[in-house]
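Please read the structure below before turning to the comments.
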Amino acid sequence: MQGLLLKLSTLDADAESAVRVIAYFDSLLRDHVSVPTLLAATARLAQCPVGLLDAATGRRTRTSPRGAVDTPAEVPAQVRELSDGLGAVWMEREGPAHGLDEIVLERYAVAAEVTLERAAALARSGQDPALVELVLSAETGEAERARALRLLGFAPSAPLQALAIALPDRGPDRGPDRGPDRGPDRGPDRGPDRGPDRGPDRGPDRGPDRGPDRELAAGLRAMGHQVRATRIGDTEAVLVATTLPRDLPEGSRVGIGPELPGARAAESWAGARTALRFTGPHDRVMRWSELGALALFADLPEPAVAELADVRAMERLGEESLAAVRALCLAGSVRGAAATVHLHHSSMAARIARAESVLGFSLADAAGRLRAHLALALVRLRANLRSGTPA
């Protein structure tokens, strides 16, 4: 602590903001966050990419403030070495350094040391959430994936499904309770982040152990499923053994990958992330197996989707007309759609007619309904692309 006080005295930024940085990382450590969560929380605080080298595995991980995770080709020249040969951490700030960068990097390094030591202990007992990330990563070797599966209690040949769960919205550029572009040198009135003001029970990043995503995992366990979970970027990643029920606990949007042997879990994870991009308020759970040809649209850039005439027309519909079109696409007939939403069939027919006048095509035949169904799916896709739902 004396060393920290001496360091604070040399900072140009105010000491109160620096103390807030320390409290921010202390809160993360109290919550026993995983390595991916620590990286994501640090990147949001610093508003620049941050990285970590895990010397035990040789893995290099970089996370952006938006939650995007990648593997850099090499470790930057300027890094902060961790004690006991655990690895190294770094920040990738473009332009001039911020006033609190040094203390952020210092506390990030301390938190990384503690988190890596905890992860090593958990790995020895087969409980490390980072093992889930190893299993799901397309870059993991066959032998390494098999070992991680066994440590998690899964046989490499056992059928598994990956779930990608959208965490509560915080906005792609926002730290916890922070407006856009609030770097770590905003001054004494707010500090680098609101985290330390929130009290001991509302830390800046509660990690993967709280919120509706964890309620879903707990619900799956209650149904008798063998579940392992972690957070990857801004998405909760869950490995589930045995076939899932049709109805999952509500609370989050969920993409479900195909059921595959554990050795192919990375493929199931890719399918789960694709399915997640087609979820919406009325379609909270989407299965890869039900996407069919829709999956081909998943990688379209948002401007290309926005330029489609059917998408633009569908987005012009009011909520009543949208609900009517959605019901018609599911039921296949006006009477069936009316029964679904508890309307008289003549009222439903009137809403469909208004929708057809905006869409510019008929919904009376299967071809028109297929066209509308595709447009509805692309509207959901565009909304997720714009909100930054992880790909």
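Out of the residues in segment 45-58 that are surrounded by 19 or more Cβ atoms within 10 Å (Cβ to Cβ) and touching a Gly at 6+ places or on another chain (Cβ under 9 Å), which is nearest to R118 (Cα to Cα)?
For segment 45-58, the residue satisfying everything is D54.
If the requirement is being in a helix (DSSP H, G or I), at pLDDT 80 or above and not polar (S, T, N, Q), which of these qualifies: A120, A143, A162?
A143
Filter segment 361-374 for residues that are assigned to a helix (DSSP H, G or I), open to solvent by 40 Å² or more (accessible area, probe 1.4 Å) and aliphatic (A, V, I, L, M) and give the result.
Of all residues in segment 361-374, those assigned to a helix (DSSP H, G or I) come to 366-374.
Filter once more, keeping what is open to solvent by 40 Å² or more (accessible area, probe 1.4 Å): 366-367, 369-371, 373-374.
Within segment 361-374, A366, A367, L370, L374 qualify.
Enumerate the pairs (first residue in segment 281-305 and under 21 Å from A323 (Cα atoms); second residue anywhere and open to solvent by 70 Å² or more (accessible area, probe 1.4 Å)) with beta-carbon separation below 8 Å, excluding pairs fewer than 6 apart on the same chain, so at least 6 apart or on different chains.
Final answer for the pair search is R284/E250.
Name the residue that is least open to solvent (accessible area, probe 1.4 Å), counting only residues in segment 248-265 that are in a helix (DSSP H, G or I) and out of contact with any Phe, Trp or Tyr (no Cβ under 6 Å at 6 or more places or on another chain). Spell out how you get there, then give the answer.
Let us first name the residues in segment 248-265 that are in a helix (DSSP H, G or I), namely 262-265.
From what is left, the residues that are out of contact with any Phe, Trp or Tyr (no Cβ under 6 Å at 6 or more places or on another chain) are 263-265.
Details: A263: 55, R264: 106, A265: 3 Å².
Looking at residues that are in a helix (DSSP H, G or I) and out of contact with any Phe, Trp or Tyr (no Cβ under 6 Å at 6 or more places or on another chain), I get A265.
Residue-by-condition table, conditions (1) farther than 27 Å from I232 by Cβ; (2) among the aliphatic types (A, V, I, L, M):
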{"site": "R284", "(1), (2)": "no, no"}
{"site": "S289", "(1), (2)": "no, no"}
{"site": "A295", "(1), (2)": "no, yes"}
{"site": "D299", "(1), (2)": "no, no"}
{"site": "L308", "(1), (2)": "yes, yes"}
{"site": "R316", "(1), (2)": "yes, no"}
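Table: residues versus (1) over 29 Å from the mean Cα position of the chain (by Cα); (2) among the aromatic types (F, W, Y); (3) open to solvent by less than 60 Å² (accessible area, probe 1.4 Å).
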residue: H342; (1), (2), (3): yes, no, no
residue: L359; (1), (2), (3): yes, no, yes
residue: L376; (1), (2), (3): no, no, yes
residue: L385; (1), (2), (3): no, no, yes
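Among the residues of segment 65-85, are any closer than 21 Å to V19 by Cβ and either crowded, with 20+ Cβ neighbours inside 10 Å or free of Cβ contacts under 8 Å to residues at least 40 places away in the same chain (or both)? Outline the logic, then answer.
Going residue by residue through segment 65-85, those that are closer than 21 Å to V19 by Cβ are 80.
When the remaining residues are screened for being either crowded, with 20+ Cβ neighbours inside 10 Å or free of Cβ contacts under 8 Å to residues at least 40 places away in the same chain (or both), the result is 80.
Scanning segment 65-85 turns up at least one residue that is closer than 21 Å to V19 by Cβ and either crowded, with 20+ Cβ neighbours inside 10 Å or free of Cβ contacts under 8 Å to residues at least 40 places away in the same chain (or both).
May I ask you to verify whether V89 is assigned to a loop (DSSP other than H, G, I, E, B), among the β-branched types (V, I, T), at negative phi and buried (at least 16 other Cβ atoms within 10 Å of the Cβ)?
On the way: assigned to a loop (DSSP other than H, G, I, E, B): no; among the β-branched types (V, I, T): yes; at negative phi: yes; buried (at least 16 other Cβ atoms within 10 Å of the Cβ): yes.
Taking the combined requirement at face value, the residue does not satisfy it.
Just checking, does segment 307-322 include any residue being in a loop (DSSP other than H, G, I, E, B), without any contact (Cβ under 8 Å) to a residue 60 or more places away in the chain and at positive phi? Give the steps one after another, and end with the answer.
Residues of segment 307-322 that are in a loop (DSSP other than H, G, I, E, B), as a first pass: 307-308, 317-318.
Retained after the next criterion (residues that are without any contact (Cβ under 8 Å) to a residue 60 or more places away in the chain): 307, 317-318.
Pick out the ones that are also at positive phi and you get none.
Looking for residues that are in a loop (DSSP other than H, G, I, E, B), without any contact (Cβ under 8 Å) to a residue 60 or more places away in the chain and at positive phi, one finds none in segment 307-322, hence no.
For residues in segment 18-37 being more than 23 Å from the chain's Cα centre (by Cα) and not charged (D, E, K, R), which is most open to solvent (accessible area, probe 1.4 Å)?
V19
Can T57 be described as among the hydroxyl-bearing types (S, T, Y), under 15 Å from S34 (Cβ atoms), touching a helix residue (DSSP H, G or I) at 6+ places or on another chain (Cβ under 9 Å) and at pLDDT 85 or above? Even if it seems obvious, please write down each step before you answer.
Details: among the hydroxyl-bearing types (S, T, Y): yes; under 15 Å from S34 (Cβ atoms): yes; touching a helix residue (DSSP H, G or I) at 6+ places or on another chain (Cβ under 9 Å): yes; at pLDDT 85 or above: no.
No.
Among the residues of segment 92-106, which ones are under 30 Å from R273 (Cβ atoms), open to solvent by less than 60 Å² (accessible area, probe 1.4 Å) and among the acidic types (D, E)?
Matches in segment 92-106: E92 only.
Can you pull out every residue in segment 266-296 that is part of a helix (DSSP H, G or I) and open to solvent by 60 Å² or more (accessible area, probe 1.4 Å)? Don't jump to the end; show me each part of the working.
The initial filter retains those residues of segment 266-296 that are part of a helix (DSSP H, G or I), namely 266-276, 288-296.
Of everything in segment 266-296, those that are part of a helix (DSSP H, G or I) and open to solvent by 60 Å² or more (accessible area, probe 1.4 Å) turn out to be E267, R273, W288, S289, E290, A293, L296.
The values are calculated or read from the model by the stated rules, or taken from the named source; none is laboratory data. The structure presented is a predicted model; accordingly, all values stated were derived computationally and were not measured. Because the Cβ atoms are built from the backbone with ideal geometry, glycine has one as well, and the counts that use them run over all protein chains shown. Side chains are part of the model used for accessible areas, which takes the heavy atoms of the whole protein and leaves out ligands, DNA and RNA. Shrake-Rupley method; radii C 1.70, N 1.55, O 1.52, S 1.80 Å.
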